[in-house]
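**Q** Before I ask anything, let me first share the structure, which is written out below as structure tokens.
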Amino acid sequence: MPASPNAIRAEEHKVASFANMQAVIDAIPNPTFVKDRSHRLVLINASACSLFGHSRETMLSRSHVDLFPEDQMRGFHAADDLAFETGREDENEEEVTDSTGRVRHVITRKRIALIDGSEHLVASVNDITAAREAEARSRYLAFHDTLTGLPNRAMLQERIEQGLSRKTHSGALLYIDLDHFKEVNDTYGHPVGDELIQEFASRLSEIVRAADTVARLGGDEFAVFLSDTSHDPDADDVCRRTLIAAARAFKLTGAQVFVGASIGVVLTAGIPIIPSELQRRADVALYQAKNDGRGCFRIFTEALDDRAKHRQAIQADLRDALATGSGLEVHYQPMMDISSGEIEGFEALLRWQHPTRGRVMPDEFISIAERSGQIIELDEWVLTTACIEAAGWERQLRLSVNISPIEFAYGDLPSMLERALLKSGLDPARLELEITEGVLIEDPAQALDTFKRIKALGVQIALDDFGVGYSSLGYFRQFPFDKVKIDRSFISEMLDSSRARCIVQAAISLALGLKIKVVAEGVETEQQFALLAEQGCTQAQGYLIGRPMQVPQFQPRVA
């Protein structure tokens, strides 16, 4: 039966109304579409077609299941039904897979009645894909190292907390430092250093299991959290394999380099412990590994912890002593001219009289000060104090002061000298600095520049502990030494060892040939003194000549 004229006019009116509505929603910049109760699209604007990557004809002619994954469709339909039932405007963040694979959109639904009285949903889409990707990137950066892609310190902390929360936890935390990494950076540049870090990160990741965590803490510092060491591999095995991996050659852009690693380990089996304490103990063990020569691993023990706490106490007390000057003293050991028997000068030596510990020996606190960086401030205190006291001596004797390699490498030694000389008024020609061979090895070019600046001030330089390091005749060609000091170990053995005696004779001959003075350290017997005089040594220093003393004790010698 043909449709009545009224029905035809109603249908034509509906089609015209839909066409008008299509024109309206096409003007809306946000992707927008209209759905009926059967979840069929009846209208969709150009922005929505562009978003989903399909034409209007495709979107209107095919079902959602054909266009989108089934799991997404279930979520869409549930949200649609809820909007139809409640009539409320509803906003749901939903994953929508478009033709290019982009996802994450917020869809807002509102129930409306169209001209024919039927209910439809108008859905407005706000594309927040870029914002969600930025958030995901931010989350990634918050928990990962950008250079290696490894977890960072924050994620390591979370993994440790998770591991320690288990009632029966048997794991381990490893702190790893690459040895000699700074030399690679200084020699080949930071891009090569970054390559090395990336390669080591890859090697380290291959050693552990998927359940374990490898993290980069920064610089050349890494950590491994072993989630379970009750089965293979255990912590010892991981440490050994890590040391082998670090020792293998790194073939990098334009360079093949060799480094190594030091590892500190703390085991967690059966220990009630908080994450921060676990990390502190790993750091204590790492310190010990470095102190034991590097290229090794050390496991935390209570004995190590006691030593660490002692170091920390020494550092704190030394900081107070430097702030107040209390307990720090400069003692002076005389140096004698062998041919005349006259005292020519004194070497300044730091001593520390602790208020509760008593006399703290230099061997105990100097190494701690070097590792903590306090040695730079200590060096300046000794130099300035000694210069002020020497300036008050009636006899114009020479003053010799030891300078730490740390000061020479990282401090501004010439500026420190200028301050001490200006403050004391000491004649620079009376001052002599003693350095060890290690200063020359680290950075010869920088060392030579510092030498020239020191010599320009009128201060002399002595090579200390000659013979026990990496002694090279090239040093005497490159560096303008004024004096050589033969290490006490050769002097103590030269009466009984022909080899030690030959080395002493060779050092004396070398110095005399170069027309520089040579000092024998540690002279304790008349026989040693006589043999040194026979061989032509110019100066002697040791208990036979005099023990280190404070100014009032040796005042007659300088008056």
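**Q** Give the accessible surface of the range 323-447 per residue, rounded to a whole number of Å², with probe radius 1.4 Å and ligands, DNA and RNA excluded. Working shown, then result.
**A** On the way: 5220 Å² over 125 residues.
Ligands and nucleic acids excluded, the figure is 42 Å² per residue.
**Q** Could you check how much of the accessible area of the range 265-310 is carbon and sulfur, as a whole percent, using a 1.4 Å probe?
**A** Numbers: 1250 of 2300 Å².
Summing carbon and sulfur atoms, their accessible area is 54 percent of the total for the range 265-310.
**Q** Here's something else I'd like to know. Please calculate how many Å² of accessible area the range 140-245 carries per residue, with a 1.4 Å probe and no DNA, RNA or ligand atoms counted. Don't skip to the end; give the middle numbers.
**A** Numbers: 4880 Å² over 106 residues.
With the other protein chains kept in place, the range 140-245 gives 46 Å² per residue.
**Q** Pairwise over distinct Cα atoms, reciprocal of the mean inverse distance: report the Kirkwood radius of the range 379-454 in Å, one decimal place.
**A** On the way: mean 1/r = 0.0780 Å⁻¹.
It works out to 12.8 Å.
**Q** If you don't mind, another one. Over the range 409-559, what portion of Cα pair distances is larger than 29 Å, expressed as a whole percent? Provide the component values of the computation, followed by the final result.
**A** On the way: 2706 of 11325 pairs.
The proportion of pairs with Cα distances above 29 Å equals 24 percent.
**Q** Hey, if we sort Phe258, Phe479 by accessible area with the 1.4 Å probe, largest down, what's the order?
**A** Values: Phe258 125, Phe479 10 Å².
My answer, sorted largest first, is Phe258, Phe479.
**Q** If you don't mind, another one. Residues with amide H under 5 Å of Val42's amide H, sequence separation 5 or more or different chain, H placed in the peptide plane at 1.01 Å from N; which?
**A** Val34, Lys35, Asp36
**Q** Also, I was wondering about something else. Assuming a viscosity of 1.567 mPa s and a temperature of 4 °C, what translational diffusion coefficient in µm² per second does Stokes-Einstein assign to the range 189-276, Rh being the Kirkwood radius over Cα pairs?
**A** On the way: Rh = 14.3 Å.
The Stokes-Einstein estimate is 91 µm²/s.
**Q** Further question on the same structure: Per residue and in Å³, how big is the convex hull formed by the alpha-carbon atoms of the range 261-301?
**A** Values: hull volume 2.3 nm³, N = 41.
Considering the Cα atoms of the range 261-301, their hull volume per residue is 55 Å³.
**Q** Could you give the alpha-carbon Rg of the range 227-288 over 2.2 N^0.38 Å, rounded to two decimals?
**A** Numbers: Rg = 15.1 Å, N = 62, 2.2 N^0.38 = 10.6 Å.
In units of the 2.2 N^0.38 Å rule of thumb, it is 1.43.
**Q** Please compare each pair in Lys182/Lys309; Lys423/Lys485; Lys182/Lys485; Lys452/Lys517; Lys423/Lys483; Lys455/Lys483 to a cut-off of 21 Å on the Cα-Cα distance and tell me which ones are over it. Write out the running numbers ahead of the final one.
**A** Values: Lys182/Lys309 28 Å; Lys423/Lys485 28 Å; Lys182/Lys485 31 Å; Lys452/Lys517 19 Å; Lys423/Lys483 26 Å; Lys455/Lys483 13 Å.
Violating the 21 Å limit, Cα to Cα: Lys182/Lys309; Lys423/Lys485; Lys182/Lys485; Lys423/Lys483.
**Q** From zero outward in steps of 10 Å, how is the percent of C-alpha pairs of the range 475-559 spread across the bins?
**A** Cα pair-distance distribution for the range 475-559, in percent: 17, 44, 28, 11, 0.
**Q** For Ile273, Ile176, Ile388, what's the largest-to-smallest order of accessible area, 1.4 Å probe?
**A** Details: Ile273 30, Ile176 0, Ile388 80 Å².
The most accessible residue leads, giving Ile388, Ile273, Ile176.
**Q** What shape does the range 130-281 take by its C-alpha gyration tensor, where a ≥ b ≥ c are the square roots of the eigenvalues and a/c under 1.5 counts as rounded, a/b above b/c as prolate, and the rest as oblate?
**A** Working: a/c = 2.20, a/b = 1.27, b/c = 1.73.
Taking the square roots of the gyration eigenvalues as a ≥ b ≥ c, the range 130-281 is oblate.
**Q** For the range 292-427, take the convex hull of the Cα atoms, compute a quarter of its surface area, and give me that in nm², please.
**A** Numbers: hull surface 44.9 nm².
Mean projected area of the Cα convex hull: 11.2 nm².
**Q** Further question: Once fully extended, how much extra length lies between Ala27 and Ala245, figured as 0.36 nm per residue of separation less the alpha-carbon to alpha-carbon distance?
**A** Working: separation 218, 0.36 × 218 = 78.48 nm, distance 6.34 nm.
Here the answer is 72.1 nm.
**Q** Three principal axis extents, largest first, for the C-alpha atoms of the range 338-388, in Å?
**A** Computed over the Cα atoms, the extents are 42, 23, 20 Å.
**Q** Let me ask something else about it. List, in order, the whole-Hz ³J(HN,Hα) value for each residue of the range 132-138 obtained from phi through the Karplus relation with A = 6.51, B = -1.76, C = 1.60 and θ = phi - 60°; use x for Gly and Pro.
**A** Computed from phi, the couplings for the range 132-138 are 5, 5, 5, 5, 4, 5, 5 Hz.
**Q** Computing the accessible area with a 1.4 Å probe over protein heavy atoms, can you report the carbon and sulfur percentage for the range 378-528? Walk me through the numbers on the way to the answer.
**A** Values: 3560 of 6820 Å².
Heavy-atom surface of the range 378-528 belonging to carbon and sulfur, 1.4 Å probe: 52 percent.
**Q** Further, regarding this structure: Collect residues whose amide H, placed 1.01 Å from N in the peptide plane, falls under 5 Å from the amide H of Leu252; neighbours closer than 5 in sequence don't count.
**A** Val257
**Q** What fraction of the DSSP beta bridges in the range 286-401 is antiparallel, stated in percent and rounded to the nearest 5? List each step's numbers first, then the result.
**A** On the way: 12 of 16 bridges.
Approximately 75 percent, going by the DSSP bridge assignments.
**Q** Tell me, what ³J(HN,Hα) does each residue in the range 411-428 have, in order and in whole Hz, if you take phi through Karplus 6.51 cos²θ - 1.76 cosθ + 1.60 with θ = phi - 60° and put x for Gly and Pro?
**A** For the range 411-428, the Karplus-derived couplings read x, 10, 4, x, 5, 4, 4, 4, 5, 5, 5, 5, 5, 8, x, 5, 5, x Hz, x marking Gly and Pro.
**Q** Quick one: ranking Trp381, Trp352 by accessible area, 1.4 Å probe, largest first, what do you get? List each step's numbers first, then the result.
**A** Values: Trp381 60, Trp352 5 Å².
Ranking Trp381, Trp352 by accessible area, largest first, yields Trp381, Trp352.
**Q** Between Asp306 and Thr58, what is the label-point separation in nm under the 7 Å Cα-to-beta-carbon projection?
**A** Placing both labels 7 Å beyond Cα along the Cβ direction yields 7.7 nm.
**Q** Which of the GluC sites (Glu not before Pro) found in the range 305-365 are loop residues per DSSP with 12 or fewer other Cβ atoms within 10 Å of their Cβ? Show your work: numbers first, answer last.
**A** Working: sites: Glu329, Glu342, Glu344, Glu347, Glu364; in loops: Glu342.
Passing sites in the range 305-365 are Glu342.
**Q** Within 10 Å, count the other beta carbons around each residue, average over each peptide in 536-542, 505-511, 251-257, and list them highest first. Intermediate results must be reported in sequence, preceding the final value.
**A** Values: 536-542: 21.7, 505-511: 17.6, 251-257: 12.3.
Taking the mean over residues of other Cβ atoms within 10 Å, the ranking is 536-542, 505-511, 251-257.
**Q** Could I ask something else about it? Taking θ as phi - 60°, what are the ³J(HN,Hα) couplings along the range 32-42 by the Karplus curve (6.51, -1.76, 1.60), each to the nearest whole Hz, with x for Gly and Pro?
**A** Whole-Hz 3J(HN,Hα) from phi for the range 32-42: 9, 8, 10, 10, 9, 5, 8, 6, 8, 6, 10.
**Q** Rounded if a/c is under 1.5, else prolate if a/b is larger than b/c, else oblate: which is the range 156-227, with a ≥ b ≥ c the root eigenvalues of its Cα gyration tensor? Write out the running numbers ahead of the final one.
**A** Working: a/c = 3.37, a/b = 2.65, b/c = 1.27.
Because a/c hits 1.5 or more and a/b exceeds b/c, the range 156-227 counts as prolate.
**Q** Under 5 Å between amide hydrogens, which residues at least 5 positions from His169 or on another chain qualify, with H placed 1.01 Å from N in the peptide plane?
**A** Gly270
**Q** Take peptides 239-245, 189-195, 130-136, 404-410 and line them up by average Cβ neighbours within 10 Å, highest first, as a rough protection proxy.
**A** Values: 239-245: 17.4, 189-195: 15.7, 130-136: 12.1, 404-410: 19.0.
Going from most to least packed, we get 404-410, 239-245, 189-195, 130-136.
The values are calculated or read from the model by the stated rules, or taken from the named source; none is laboratory data. As the structure is a prediction and not an experimental result, all values here were calculated from the model. Glycine gets a Cβ as well: all are built from the backbone with ideal geometry, and neighbour counts include every protein chain shown. To get the accessible areas, we keep the full protein, side chains included, count just its heavy atoms, and leave off ligands, DNA and RNA. Shrake-Rupley method; radii C 1.70, N 1.55, O 1.52, S 1.80 Å.
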